[in-house]
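Enquirer: Here you go, one structure.
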Amino acid sequence: MNQASLEEHGMAAPVDAQTIERRTAGSELPDIPVVELGGRSPSELFCDHREAAEALLRSGRRLYTSNGVMVADVLSRRWARRAGLPYLDEIAAVAAAAEAWGHRGGWLMNLSYEWGCTASVAADPAGPGMRMRRTLDWPLRGLGRHALVVRHGSTAGPWLNVTWPGFVGALTALAPGRFAVAINQAPMIQHGLTGVGDWLANRWRLYRSCALPPGFLLRHALEECRGYDDARRLLAETPVCLPVFYTLAGARPGEGCIIERLEDRAFIHEAPAAVGNCWLSPHLEGRPRGQFSGDRRAHLLARVAASGGTFEWLTPPVLNDDTRLAVVANAATGRLAVQGWEPEGPATRVLELAA
């Protein structure tokens with residue numbers, strides 16, 4: 001499909017290497033903040049980073065319209081309270097702070113689930129342990145520019161959350177010495193309707209559920225699981241409110257898998273493995289999320305054993321105009337590398353941390 005066809009169908013185009021070089025040349029990129037959460041709540045972190053938080057809320061309003069945000073925010077709040085979700089007080093405090101600034105969307109930003117991703121797990125050719133690579137793709141502008149890495153403490157040990165101000169769950173994280181983990185959105189379950197009809201049917205199915213959102217279950221795993229086996233069991237067996245992929249990389253050789261989740265079932269794909277936003281199990285059916293899902297997975301799978309630079313694998317089609325984050329993590333070495341991206345190109349410098 002050529003560029004004109006992509007634009008005609010509203011699809012995010014891959015970014016070519018010359019464009020990347022042109023966009024990066026001479027640019028002065030900001031650093032990704034690394035924040036110690038300590039005893040503070042996510043709402044305090046949200047207020048500490050008010051400029052970034054308000055920019056993301058405005059971006060959401062431009063993408064989904066003011067009326068769309070308002071309606072979705074009300075429905076998200078009702079569902080969260082009816083389901084009795086954990087972390088409810090934290091979301092409510094974030095939403096209250098946003099409303100005090102004149103914004104809606106605090107509930108929506110914590111319960112929306114509209115992104116594409118690509119992830120892989122395999123032995124790290126550069127050293128001990130397993131390496132997780134992942135990108136997060138979402139048309140919402142500002143997610144790359146305003147990314148944070150937040151250091152959390154927990155009963156199971158410290159962990160690093162690659163996130164944004166105001167988001168109380170976890171999508172991409174590293175627990176040094178325990179595991180690295182990331183979420184990919186699963187395909188849309190098909191009900192024999194149109195694309196819009198299937199989406200509405202799935203929203204109704206979600207609205208009737210009282211199970212955990214995948215990002216909240218992931219945070220629970222990071223706070224409570226002391227190792228790979230515990231996390232694998234929890235992420236595979238705990239009911240979730242909608243399908244999801246978890247990419248999990250442990251600290252010991254061979255500890256790695258893709259957990260392909262339906263609401264009450266799981267299918268495990270051992271490392272080396274890669275996933276986009278299409279099912280890995282051939283008996284499952286659904287509409288892939290994002291663009292070029294199969295191509296993105298194949299691209300990353302072909303490079304799971306490759307060494308080289310931190311982000312040498314970050315090329316089209318894995319890299320595209322919707323890419324907002326690129327992450328590499330190794331729980332054995334405690335290494336975490338993160339870079340934010342926007343449609344114009346890199347939005348931050350590469351952040352490199354090591355425990």
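Enquirer: So Ala97 ticks every box in (1) within 25 Å of Arg349 (Cβ to Cβ); (2) in contact with a Ser or Thr (Cβ under 8 Å, 6 or more places away or on another chain) but one. Which box is left unticked?
Expert: (1)
Enquirer: Is it true that Gly195 is buried (at least 18 other Cβ atoms within 10 Å of the Cβ) and at pLDDT below 95? Steps first, answer last, please.
Expert: Details: buried (at least 18 other Cβ atoms within 10 Å of the Cβ): no; at pLDDT below 95: yes.
In short, no.
Enquirer: Might you check whether a residue that is within 27 Å of Cys278 (Cα to Cα) and either part of a strand (DSSP E or B) or small (Gly, Ala, Ser) (or both) occurs anywhere in region 94-102? If you could, list the steps in order and put the result at the bottom.
Expert: To start, the set of residues in region 94-102 that are within 27 Å of Cys278 (Cα to Cα) comprises none.
Within region 94-102 (the criterion being within 27 Å of Cys278 (Cα to Cα) and either part of a strand (DSSP E or B) or small (Gly, Ala, Ser) (or both)), the answer is no, since none of the residues qualifies.
Enquirer: For region 336-355, does any single residue satisfy the condition of being in contact with a strand residue (DSSP E or B) (Cβ under 7 Å, 6 or more places away or on another chain), more than 25 Å from Ala52 (Cα to Cα) and part of a loop (DSSP other than H, G, I, E, B)?
Expert: Checked against the condition, which is being in contact with a strand residue (DSSP E or B) (Cβ under 7 Å, 6 or more places away or on another chain), more than 25 Å from Ala52 (Cα to Cα) and part of a loop (DSSP other than H, G, I, E, B), region 336-355 yields no hits at all.
Enquirer: Would you confirm, using the coordinates I've provided, whether Ala337 is modelled with pLDDT of 95 or more, closer than 21 Å to Gly276 by Cα and crowded, with 24+ Cβ neighbours inside 10 Å?
Expert: Working: modelled with pLDDT of 95 or more: yes; closer than 21 Å to Gly276 by Cα: yes; crowded, with 24+ Cβ neighbours inside 10 Å: no.
When the stated conditions are applied, Ala337 does not pass them.
Enquirer: Something else now. Considering only residues of region 169-189 that are within 23 Å of Ile91 (Cβ to Cβ) and assigned to a strand (DSSP E or B), which is modelled with the lowest pLDDT?
Expert: Top of the filtered list is Gln185.
Enquirer: Can I ask one more? Does Ala298 fit the bill of being in the same structural domain as Leu171 (by TED's automatic domain parsing), among the hydrophobic types (A, V, I, L, M, F, W, C) and either touching a Lys or Arg at 6+ places or on another chain (Cβ under 6 Å) or part of a helix (DSSP H, G or I) (or both)? Please lay out each step first, then the result.
Expert: Working: in the same structural domain as Leu171 (by TED's automatic domain parsing): yes; among the hydrophobic types (A, V, I, L, M, F, W, C): yes; either touching a Lys or Arg at 6+ places or on another chain (Cβ under 6 Å) or part of a helix (DSSP H, G or I) (or both): yes.
Here the answer is yes, as Ala298 does meet what is asked.
Enquirer: Let me ask you something else. Considering only residues that are over 30 Å from Cys47 (Cα atoms) and of a type in the set (Ser, Thr, Tyr), look in region 109-157 and name the one that is surrounded by the most Cβ atoms within 10 Å (Cβ to Cβ). Give the derivation first.
Expert: Within region 109-157, the subset over 30 Å from Cys47 (Cα atoms) is 118-133.
Next, from what is left, pick out any that are of a type in the set (Ser, Thr, Tyr): 118, 120.
On the way: Thr118: 33, Ser120: 29.
For region 109-157, the residue satisfying everything is Thr118.
Enquirer: Additional query: So which residues in region 158-184 are surrounded by fewer than 20 Cβ atoms within 10 Å (Cβ to Cβ) and on the phi > 0 side of the Ramachandran plot, if there are any at all? Before the answer, list the steps.
Expert: The first filter runs over region 158-184 and keeps only residues surrounded by fewer than 20 Cβ atoms within 10 Å (Cβ to Cβ), leaving 158, 177.
Gly177 - this is the single residue of region 158-184 that is surrounded by fewer than 20 Cβ atoms within 10 Å (Cβ to Cβ) and on the phi > 0 side of the Ramachandran plot.
Enquirer: Restricting the search to region 282-299, which residues are under 15 Å from Asn184 (Cα atoms) and at pLDDT below 95? Outline the logic, then answer.
Expert: Quick first cut of region 282-299, residues under 15 Å from Asn184 (Cα atoms) only: 286-294, 296-297.
Result: Gly286, Arg287, Pro288, Arg289, Gly290, Gln291, Phe292, Ser293, Gly294.
Enquirer: Also, quick follow-up: Any residue at all in region 339-349 that is of a type outside the set (Lys, Arg), closer than 22 Å to Leu160 by Cβ and out of contact with any Leu (no Cβ under 8 Å at 6 or more places or on another chain)?
Expert: Going residue by residue through region 339-349, those that are of a type outside the set (Lys, Arg) are 339-348.
Those still in the list that are closer than 22 Å to Leu160 by Cβ too: 339-341, 346-348.
Remaining after also requiring out of contact with any Leu (no Cβ under 8 Å at 6 or more places or on another chain): none.
The answer is no, given that none of the residues of region 339-349 is of a type outside the set (Lys, Arg), closer than 22 Å to Leu160 by Cβ and out of contact with any Leu (no Cβ under 8 Å at 6 or more places or on another chain).
The values are calculated or read from the model by the stated rules, or taken from the named source; none is laboratory data. Quantities reported herein were computed from a predicted structural model and do not represent experimental measurements. Cβ atoms come from the backbone with ideal geometry, glycine included; neighbour counts cover every protein chain shown.
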